Amino acid sequence: MPTSWPTRRRAVREQRSFADVAEEHLDDVYRYLLYMTGNPHTAEDLAAETFERALRRWRRFDPRRASARTWLCQLARSTALDHFRAEQRRRRREDTYHAEAVDSEEPVFGEGLSPAIDAAVRSLSAAEREVVVLRVVLELDGETTASVLGIRPTAVSTRLSRALQKLEERMVSDVRG
Amino acid sequence: MSEASFDMVLQELRDTAPSAPERLRDHVAALPAARSRRSLRLRPALAVAIALVLSVGLGAAIIGGITGSEPKKSVVVRLAPAQQAQPSTPESPFKAQRDVRRAPFELGLTLGSSSRLQRQDVSMRLRVENLSRATQSAVRHTLRLGGYVASANYGTNEARGDSLLQLRVPVANVQKAIARFTDLGTIQAQRISVVDLQAGVDRINRRLAAQLNVIETLEAKSELTAAERARLEAARRTVRQLARGRTSLERQGAYARFSLQLTTQKAAEKQEAPGRFDKFWGDAGDILGKEAIGVLYALVIVGPFAILAALALFGERARRRRADHRLLEETG
């Protein structure tokens, strides 16, 4: 969305140091990657890699085009996709599937989260978890989520609706089971 | 599950969202401090490039206009531009006439060269007061100088009178003829051309000498074979042809051709030369027009390729987006 000239000037003036931005959005990036990967260790590694990338590209960051959070989420998504592609290649090469699922009984998606919800979230695909974390957990609006995912806002709504419906179905089946 | 309870689930997801581990926090904090520096961004760079190109194009047009509107240092000398040589002040009419008369010779043009055979063509247009008297004088001068009238075309009406004379004047008297014709009136235009014929004559002479040698050799023999007789005949034919050619060239070189046009009508008003400002705009406009044509041409050539490249880019991005989504869908 185009911004007016005074808004742009303000954005430039308010540009902060990388350390400040990283500190502010570290949790968001980690949560996003955790939901995408479903693995705290992988999420941690990918978050570290994301911030290293962000540091290298910091000079290219333009606050007039997107907020720092959006930009970091885009970088995190790109890092996660690279990871998934590498994993896919590795699986094909080794012809074996090694799930990265965590064996621990501890909930993955948050301390104190009920095991039923955690299991239901874990049963979603990465694509579904991604839209849930962006819209529900990080509370990004539709436009920003669309910007991170590179799709239209209407597509975001559709994906979110399907993901939540699936989540609800899984929880209902868990309760019944 | 009710809507309220599902909202509670979502709220729980929000509330229990994990924080980044301390180890990750330390790692990110340990990253070296980066400073945002100004870097080349596409859109501003593109805007600057477009502005630069426009400035260069406009600058070229302005410079072209300025240099084009400056008075020319080199003057194109035209033979007898009569109006330009007309007296600018009333007290010097005879001086101007003399200047006009001398004009061809001051250019170093030597007419009637005695050493080389040349064909000379002179074309003159003069405005006269009395057409009949001027025509008679021109004919008289021609005859006195040993020339003749090849053709004459004389006509008058209420508005104007014209006389076109095709004259032949011995080359030795060309300069005299020009001077006398100039006295008949005011020169409106004059053109003199000289073509060297000597080279052609020399070539013919060399071929003639060779053929005459052949003839002399063959005629010295007491008896000739059939082939030699045929060769002798051919040589004689060639000698006759060459002699005719040389005579023709000599005839061309003997008389200068004069095309003398006499008229009672004034020359058309000289067109007002455009001022420096008009010339500046004219030249700048020409350059801008050429630049616009160049840009249009480049767009026509590059346009289809740019559209194809853009389509390919968008297609690739869409394909990549679908592939990414599929990958995430497959990833549990």
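Please name all residue pairs, on different chains or six or more residues apart, with Cβ atoms under 7 Å, provided the first residue is in segment A:105-126 and is at the interface with another protein chain (Cβ under 8 Å from one of its Cβ atoms) and the second residue is among the hydroxyl-bearing types (Ser, Thr, Tyr) and surrounded by fewer than 20 Cβ atoms within 10 Å (Cβ to Cβ).
Here the result reads A:Gly110/B:Thr16; A:Glu111/B:Thr16; A:Gly112/B:Thr16; A:Leu113/B:Thr16, each pair linking segment A:105-126 to a residue that is among the hydroxyl-bearing types (Ser, Thr, Tyr) and surrounded by fewer than 20 Cβ atoms within 10 Å (Cβ to Cβ).
So is B:Thr331 within 14 Å of chain A (Cβ to nearest Cβ) and in contact with a helix residue (DSSP H, G or I) (Cβ under 6 Å, 6 or more places away or on another chain) or not? Walk me through it before giving the result.
Values: within 14 Å of chain A (Cβ to nearest Cβ): yes; in contact with a helix residue (DSSP H, G or I) (Cβ under 6 Å, 6 or more places away or on another chain): yes.
Taking the combined requirement at face value, the residue satisfies it.
Hey, can you tell me all the residues within segment A:125-159 that are among the charged types (D, E, K, R) and within 19 Å of B:Arg14 (Cβ to Cβ)?
A:Glu128, A:Arg129, A:Glu130, A:Arg135, A:Glu139, A:Asp141, A:Arg159
Within segment B:291-332, track down each residue that is surrounded by 14 or more Cβ atoms within 10 Å (Cβ to Cβ) and either at pLDDT 90 or above or of a type in the set (Ser, Thr, Tyr) (or both).
The one that is surrounded by 14 or more Cβ atoms within 10 Å (Cβ to Cβ) and either at pLDDT 90 or above or of a type in the set (Ser, Thr, Tyr) (or both): B:Thr331.
Any idea which of B:Leu208, B:Leu197, B:Leu184 is of a type in the set (A, V, I, L, M, F, W, C) and within 20 Å of B:Glu129 (Cα to Cα)? Outline the logic, then answer.
On the way: B:Leu208 fails: within 20 Å of B:Glu129 (Cα to Cα); B:Leu197 fails: within 20 Å of B:Glu129 (Cα to Cα).
Of the residues listed, the single one that is of a type in the set (A, V, I, L, M, F, W, C) and within 20 Å of B:Glu129 (Cα to Cα) is B:Leu184.
Is one or more of the residues making up segment A:72-80 over 28 Å from A:Met171 (Cβ atoms) and surrounded by 22 or more Cβ atoms within 10 Å (Cβ to Cβ)?
yes
If you scan segment A:19-35, which residues turn out to be of a type in the set (D, E, K, R) and under 11 Å from A:Leu138 (Cβ atoms)? Outline the logic, then answer.
Quick first cut of segment A:19-35, residues of a type in the set (D, E, K, R) only: A:20, A:23-24, A:27-28, A:31.
Across segment A:19-35, the qualifying residues are A:Asp27, A:Asp28, A:Arg31.
Looking only at segment A:127-165, which residues are farther than 22 Å from B:Ala323 by Cβ, more than 9 Å from chain B (Cβ to nearest Cβ) and in a helix (DSSP H, G or I)? So that I can check it myself, show each step before the final result.
Going residue by residue through segment A:127-165, those that are farther than 22 Å from B:Ala323 by Cβ are A:135-144, A:157, A:161, A:164-165.
Next, only the ones that are more than 9 Å from chain B (Cβ to nearest Cβ) stay: A:135, A:140-144, A:157, A:161, A:165.
A:Arg135, A:Gly142, A:Glu143, A:Thr144, A:Ser157, A:Ser161, A:Gln165 - these are the residues of segment A:127-165 that are farther than 22 Å from B:Ala323 by Cβ, more than 9 Å from chain B (Cβ to nearest Cβ) and in a helix (DSSP H, G or I).
Can you pull out every residue in segment A:43-74 that is more than 9 Å from every other protein chain (Cβ to nearest Cβ) and touching a Lys or Arg at 6+ places or on another chain (Cβ under 7 Å)?
A:Arg64
Could you pull out the residue among A:Asp95, A:Asp174, A:Asp103, A:Asp141 that is more than 12 Å from the chain's Cα centre (by Cα) and modelled with pLDDT of 90 or more?
The unique qualifying residue is A:Asp141.
Look through segment A:133-146, keep the residues that are under 24 Å from B:Ser19 (Cα atoms) and in contact (Cβ under 8 Å) with a residue 60 or more places away in the chain, and return whichever of them is surrounded by the most Cβ atoms within 10 Å (Cβ to Cβ).
A:Leu134
The values are calculated or read from the model by the stated rules, or taken from the named source; none is laboratory data. Here the structure is a predicted model, which is why all the values come from computation and not from measurement. A quick note on method: Cβ atoms are made from the backbone with ideal geometry, for glycine too, and the neighbour counts reach across all protein chains shown.
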